Amino acid sequence: MSRQPAKLVRGMPLLGPFAANWENVEKFQARPDDLLIATYPKSGTTWMSEIVDQIVAVSNSERCKTAAIYERVPFLEYAVPDMPSGTQALDQRASPRLIKTHLPVELLPKSFWDNKVKVIYVARNAKDVAVSYYHFYRMAIVHPEPGTWDEFLDSYINGKVCFGSWSAHVKGWWQKAKEWDVLYLFYEDMLEDPTREIRKVVKFMGKDLPEETVEKIASQTSFKAMKQNELSNYSMVPSSVMDHSISPFMRKGVCGDWKNQFTVAQNEKFDEYYQREMSDGALSFRS
Ligand code: A3P
């Protein structure tokens, strides 16, 4: 696989191969019992996917052991040559389906709204996302060239990276949560108290689990457990697509790693951008 430049889809930069498949995403047929996990990239999507799948699997303990996370929770807009696309994988999947997307709220296919699909949204602080995304661009060859860290950060601030602006994404879904069945969670809260956040997910999914089951799910979805689990650490993806020797998918899994990456000047510039975008104070993040 070789790197391709991003392409604009309805004004949003998207990975080149994904953009080529956009028509199939727009006409995707959601089902009323689907559950959607929506995030800006690098915000804890895989973590939440594993949690939700383990909640579903409580009545079928083999389920989580049968396939990689990206097969159990297909990625709606995923499309690379010679592999089934996200929409193809989803069309073949029995209900109830778990679906992952990075789309901003305004680009979600209409059938999700028509079918009143419930959504779990996970947001993560902007600085850690930027760092995680940069390392992901480097290792996942399906992305455009990341450039230097300084260049990447500039693109990120200007909404030029794939899936566009972080601030528009987190704010757009936050607004939607006021009028839709959206459980809006934060990565930093999940790190602080995973069982508390898992209990919210269980309740949102209309389930009731004993405390010991919640604790078991928290332990099986810890960073350490997922990093070691080949079904959740993306090590089964060919190295021509994801090169873990450049940077592992399960990289650090902490809050505040941005302090190891940002220079003082970059941090000042970033804070100005952040102030501009997020000063209405409706959404606050811990970083
Ligand atoms: P880092 O690169 O900062 O380590 P996504 O799944 O949305 O692509 O997000 C990936 C980020 O979530 C990576 O962040 C990854 O390490 C982190 N992550 C994945 N599983 C995690 C877990 N169980 N606990 C904490 N962080 C996790």
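Which condition number in (1) within 16 Å of the ligand (Cβ to nearest atom); (2) in contact (Cβ under 8 Å) with a residue 40 or more places away in the chain is the one that residue 273 fails?
Against the list (1) within 16 Å of the ligand (Cβ to nearest atom); (2) in contact (Cβ under 8 Å) with a residue 40 or more places away in the chain, residue 273 comes up short only on (1).
So which helices (runs of 4 or more DSSP H) stay within region 177-287 end to end and still have 1 or more residues that are touching a strand residue (DSSP E or B) at 6+ places or on another chain (Cβ under 9 Å), surrounded by 16 or more Cβ atoms within 10 Å (Cβ to Cβ) and not hydrophobic (A, V, I, L, M, F, W, C)?
187-192, 194-204
Looking at residue 89 and the list (1) in contact with a His (Cβ under 8 Å, 6 or more places away or on another chain); (2) surrounded by fewer than 21 Cβ atoms within 10 Å (Cβ to Cβ), which single condition is not satisfied?
Condition not satisfied by residue 89: (1).
Scan region 127-140 and report the pairs whose first residue is under 10 Å from residue 156 (Cα atoms) and whose second residue is assigned to a strand (DSSP E or B), with Cβ atoms within less than 7 Å and a gap of 6+ or a chain change.
The qualifying pairs do not exist here.
(1) under 20 Å from the mean Cα position of the chain (by Cα); (2) surrounded by fewer than 20 Cβ atoms within 10 Å (Cβ to Cβ); (3) in contact (Cβ under 8 Å) with a residue 60 or more places away in the chain; (4) part of a helix (DSSP H, G or I): which one isn't true of residue 80, the others all being true?
(4)
Name, by its number, the condition in (1) within 27 Å of residue 263 (Cα to Cα); (2) touching a residue at least 40 places away in the same chain (Cβ under 8 Å) that does not hold for residue 116.
Going through (1) within 27 Å of residue 263 (Cα to Cα); (2) touching a residue at least 40 places away in the same chain (Cβ under 8 Å) one by one, residue 116 breaks only (1).
Any idea which residue in region 242-264 is farthest from the ligand (Cβ to nearest atom), counting only those that are under 18 Å from the mean Cα position of the chain (by Cα) and of a type in the set (A, V, I, L, M)?
242
Quick grid of which residues meet (1) out of contact with any helix residue (DSSP H, G or I) (no Cβ under 7 Å at 6 or more places or on another chain); (2) farther than 23 Å from residue 91 by Cβ; (3) touching a residue at least 12 places away in the same chain (Cβ under 8 Å); (4) surrounded by 14 or more Cβ atoms within 10 Å (Cβ to Cβ):
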{"position": "1", "(1), (2), (3), (4)": "yes, yes, yes, yes"}
{"position": "5", "(1), (2), (3), (4)": "no, yes, yes, no"}
{"position": "18", "(1), (2), (3), (4)": "yes, no, yes, yes"}
{"position": "27", "(1), (2), (3), (4)": "yes, no, yes, no"}
{"position": "52", "(1), (2), (3), (4)": "no, no, yes, yes"}
{"position": "62", "(1), (2), (3), (4)": "yes, yes, no, no"}
{"position": "65", "(1), (2), (3), (4)": "yes, yes, yes, no"}
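Look through region 137-154, keep the residues that are part of a helix (DSSP H, G or I) and within 20 Å of the chain's Cα centre (by Cα), and return whichever of them is surrounded by the fewest Cβ atoms within 10 Å (Cβ to Cβ). Quick ask: steps written out before the conclusion?
Initially, region 137-154 is screened for residues part of a helix (DSSP H, G or I), giving 137-139, 149-154.
Okay, now just the ones that are also within 20 Å of the chain's Cα centre (by Cα), so 137-139, 152-153.
On the way: 137: 25, 138: 16, 139: 20, 152: 21, 153: 24.
Taking the candidates together, the pick is 138.
Among the candidates 136, 163, single out the residue that is hydrophobic (A, V, I, L, M, F, W, C), modelled with pLDDT of 95 or more and on the phi > 0 side of the Ramachandran plot.
That would be 163, the only listed residue that is hydrophobic (A, V, I, L, M, F, W, C), modelled with pLDDT of 95 or more and on the phi > 0 side of the Ramachandran plot.
The values are calculated or read from the model by the stated rules, or taken from the named source; none is laboratory data. As the structure is a computational prediction, the values presented were derived from the model and not from experiment. Every residue, glycine among them, receives a Cβ derived from its backbone with ideal geometry; neighbour counts consider all protein chains shown.
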